[in-house]
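The values are calculated or read from the model by the stated rules, or taken from the named source; none is laboratory data. Keep in mind that this is a model prediction, so the values were computed, not measured. In this analysis, Cβ positions are derived from the backbone assuming ideal geometry, glycine residues included, and neighbour counts consider all displayed protein chains. Just so you know, the surface numbers come from the protein's heavy atoms only, side chains and all, with ligands and any DNA or RNA stripped out. Shrake-Rupley method; radii C 1.70, N 1.55, O 1.52, S 1.80 Å.
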Amino acid sequence: MFNIQENKLENGTAVLLDISMAGNSAQACQLADEFVAGLIEVPAHLLVDINAGDLLLTRGVLTKLKQQILRAGAMMGTMYSTVPQTQQAALDEGLFVKEKLLGEWSPMRQPLPMSKEVGSHSPGRPAMSSAGGEPARRFAPLSSETGAQLPDFRHPKPMPSQMLEPASPKPELLQAESFVSLDQPVLPEHDPDTDEPETLIESLTYETSQTENFSSFKQDMGDTQTDLAQTATDTLYLRQTLRSGQTVRYKGHIIIVGDAHAGSEITAGGDIVVWGELRGIAHAGAYGNYKAEIRAMKIEALQLRIADYIARRPDRIYYHKDAADHLHSPEVARVADAEIKIFKTLSPKG
Amino acid sequence: MSKLAKSKNEKGRVIVVTSGKGGVGKTTTTANIGAGLARMGFKVVLVDTDIGLRNLDLLMGLENRIVYNIVDVVEDRCKLSQALVKDKRMPNLALLPAAQTRDKSALNEEQMKSVTDQLKEEFDYILVDSPAGIEQGFLNATAGATEAIVVCTPEMSSVRDADRIIGLLESKEEITNYKLVINRLRPGMVKTNDMMDVDDVLEILSIKLLGVIPEDQDIIVSTNKGEPIVNTDSSLAGQAYRNIARRVAGEDVPFLNLDMPSSWLEKLKGFFTKSA
């Protein structure tokens, strides 16, 4: 049998469906079936969280589970799982994922639809309208899969936390034991007096946001317990051009001698250095190191990610060569003032 | 036949024509480079691997001569020589047609490789027309090839797909040489900055250029007639394809000036600036 916990929220009822004691995915589906069949009267906006425990569930099973719950007229809440494969499948399915149920269950409170129009948002995402008489700010959805939201670049300051993560606590992963401790500096502190002269060039052209599905990046990188001292020294050196569709993942630093074309992806536990133009997606400090940096001769990246920060390039046509292209000097992107900012490392001559 | 033709023990070159994106002119390029090489006296065979959506036969005007196709060959219903369709204009040009009633899974990479290996013995050039996409059809088309011609148009989507394809070609050890053909360039639009120019594309893709084909209405006419445009001497696109064929054969041909003066006034201007 399955366990059910009920939690009355201000904005509706949430239910935790515990299927962790099911022996396999077929039994899990059956439990969900029983649960749905047992629902006599579904309260409005019923939120169903699922605890899958250490069950290994494929994406197909999750799709089925989600459909069963949606068919019953309820909304899918958070998926709790301790199995990386299940977590990944749930992420692929567009669900909120947490590593495990820590202590007492407190359902993730997503703002419920205020009206029909707003109700069209998928349940896995924070609603975009703001409360009160303030005008709603425009968000640029980053991707329907990650559910991350980006603030409009006209509001470059980090959004108030209740805007970015409506009524939900900071992702628990940040406090999890396996997470890299941020107290110990891994890389030498950046000292503007002794380092090369730098000028901030375009912090505003990249729109920054923190992602909520940070766990997916960490899982992608495999072992989250990787020794920090090791990641700080291990370096992957590649002498090639990365083309569209090609990806490089490494637990330490990555150096690429060549260009990284649009459509390529670089993910590193440490820093990323591209001795050429960076036009693809670069994710430095993938284990959560906010001090990681991305350096390139020219940063024209589609997206820059450092730890759980994401910044994207503004929408514009870019293929025409800039007359001042030859004046470009090496650039570095790092997290500063809760934003990803790009600095020129040398002032251009002429 | 010709003094250019290969000696007995020399094997032919297998060149795959591919693009990633559909509709950029892979088939037109295959037909015209093939016909161009055949005009120069080489023995050429065109292989259509776009099973289920064959077009190369239409472009060559050979649709009604097809009896057997490449799937019949690999499934042993006929000999390879029986499936080859001889071109009606040039005796040294042949076509190995695709099956229209099957799909890409009717062929696999080993079968394709054995077909190209057999063709290598007889022909100087084996041009393989690849279907769009990066799935089985693409894998089949590149299976026996040692060289590749990547076709793209000066559009972002096409260039991005070409980049992906080049990445896949680079990861294949057998393919040692790949070059780019930029198709459907409109010099007028480039001038007004409405289209990427050749340098823009080359900078993004960082690959060697084989040739540039201007947008030309005559291509549509030639496709409908089933007559490759290389055989039309007056056409600029035909000239561009003839030059590409010569470059494939190893000749050093300067790139065409596509920015042709359109009116007599501009021609006159050009005359004066040249003499000045």
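Burial of accessible area (probe 1.4 Å, heavy atoms of protein chains only) in segment B:191-233, relative to its chain alone, reaches at least 20 Å² for B:ASN193, B:MET196, B:ASP200, B:GLU203, B:ILE204, B:SER206.
If one takes the longest principal axis of the Cα atoms in chain B, at what angle in degrees, from 0 to 90 and to the nearest 10, does the Cα axis of helix B:264-275 lie? Once rounded, one gets 80 degrees. Spin-label model, B:GLU251/B:LYS86: points 7 Å from Cα along the beta carbon direction are separated by 2.6 nm. Quote the charge dipole size of segment B:85-202 about the Cα centre in Debye, to the nearest 20; the model charges only the Cβ of Lys and Arg (+1) and of Asp and Glu (-1). My answer is approximately 500 debye. Rolling a 1.4 Å probe over the protein chains gives B:CYS78 an accessible area of about 20 Å².
Taking every residue in B:167-176 and counting other chain Cβ atoms within 10 Å of its Cβ, the average works out to 2. Rounded to the nearest 100, the interface formed by chains B and A buries 1400 square angstrom of accessible surface, both chains summed, with a 1.4 Å probe. Give, ordered by residue number, each residue of segment B:131-165 whose 1.4 Å probe accessible area is reduced by a minimum of 30 Å² on adding the remaining protein chains to the chain alone. Residues losing area: B:MET156, B:ARG160, B:ASP163, B:ARG164. Which part of segment B:19-38 falls in the paramagnetic zone of B:GLU10, meaning amide N under 17 Å from the point 7 Å along Cα-to-beta-carbon? Those under the cut-off are B:37-38. Given R0 = 51 Å, the distance between the Cβ atoms of B:ARG186 and A:VAL83 translates into a calculated FRET efficiency of 0.40. Looking at segment B:13-272 alone, DSSP beta bridges between its own residues are antiparallel in about 5 percent of cases.
Against chain B, whose longest principal axis comes from its Cα atoms, helix B:156-170 is set at around 50 degrees.
Ligands, DNA and RNA left out, the 1.4 Å accessible surface of segment B:13-272 is 49% carbon and sulfur atoms.
Among A:ILE306, A:ILE281, the order of accessible area from largest down is A:ILE281, A:ILE306, computed with a 1.4 Å probe on protein heavy atoms.
Heavy-atom accessible area with a 1.4 Å probe sorts B:ASP252, B:ASP161, B:ASP233, largest first, into B:ASP252, B:ASP233, B:ASP161. Here is the list for segment B:8-72: trypsin sites (Lys or Arg not before Pro) lying in DSSP coil, each with at most 13 other C-beta atoms within 10 angstrom of its C-beta, are B:LYS8. Counting 0.36 nm for each residue step from A:ARG71 to A:TRP275 and taking away their Cα separation leaves a gain of 68.2 nm.
For the cross-link pairs A:LYS251/B:LYS172; B:LYS104/B:LYS225; B:LYS88/B:LYS179; B:LYS26/B:LYS179, the ones whose C-alpha atoms lie over 19 Å apart are A:LYS251/B:LYS172; B:LYS104/B:LYS225; B:LYS88/B:LYS179. Using a cutoff of 8 angstrom between alpha carbon atoms and counting only pairs six or more residues apart, the relative contact order for segment B:13-272 works out to 25 percent. Give me the Debye-computed log₁₀ of I(q)/I(0) at q = 0.08, 0.12, 0.15 Å⁻¹ for segment B:13-272, equal point scatterers on Cα only, no solvent, two decimals. Values returned for q = 0.08, 0.12, 0.15 Å⁻¹ are -0.30, -0.67, -1.03.
What segment B:13-272 shows is 43 Å² of accessible area per residue, with the surface traced by a 1.4 Å probe over protein heavy atoms. Between B:CYS78 and B:ARG65, the simple label model (points 7 Å from Cα in the Cβ direction) yields a spacing of 1.3 nm. Using only side-chain charges placed at the Cβ, +1 for Lys and Arg and -1 for Asp and Glu, the dipole size of chain B relative to its Cα centre rounds to 860 debye.
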